[in-house]
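This report concerns only the one structure given below.
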């Protein structure tokens with residue numbers, strides 16, 4: 001019996017969905033690393049606290065920037 005690959009099963013919807021999920025996952029991990037780095041820098045000065053709202057807002061902004069970069073690269077803009 002042959003092993004069926006994703007391309008032999010039918011349309012490419014599954015492949016497209018996997019690629020999109022991989023891009024979102026990588027953007028989330030990169031954003032998390034950037035946000036933790038920003039949090040460490042912010043809290044190192046004057047004993048300030050980085051609130052949950054600031055954390056999630058920083059992560060959202062970082063993910064949007066990652067999305068713009070990814071869109072430019074995947075869309076052929078760069």
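The values are calculated or read from the model by the stated rules, or taken from the named source; none is laboratory data. Keep in mind it's a predicted model, so treat the numbers as computed, not measured. No Cβ is skipped: glycine too gets one built from the backbone with ideal geometry, and neighbour counts run over all protein chains shown.
Computed quantities for the displayed model
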read-out: Qualifying position, being modelled with pLDDT of 80 or more, under 20 Å from residue 69 (Cβ atoms) and exposed (fewer than 14 other Cβ atoms within 10 Å of the Cβ), among 33, 38; value: 33
read-out: Tabulated pairs, segment 54-78, first farther than 27 Å from residue 41 by Cβ, second part of a helix (DSSP H, G or I), C-beta under 8 angstrom, 6+ apart or interchain; value: 74/23; 77/71; 78/72
read-out: In segment 55-64, the residues that are under 18 Å from residue 20 (Cα atoms) and surrounded by 14 or more Cβ atoms within 10 Å (Cβ to Cβ); value: 62, 63
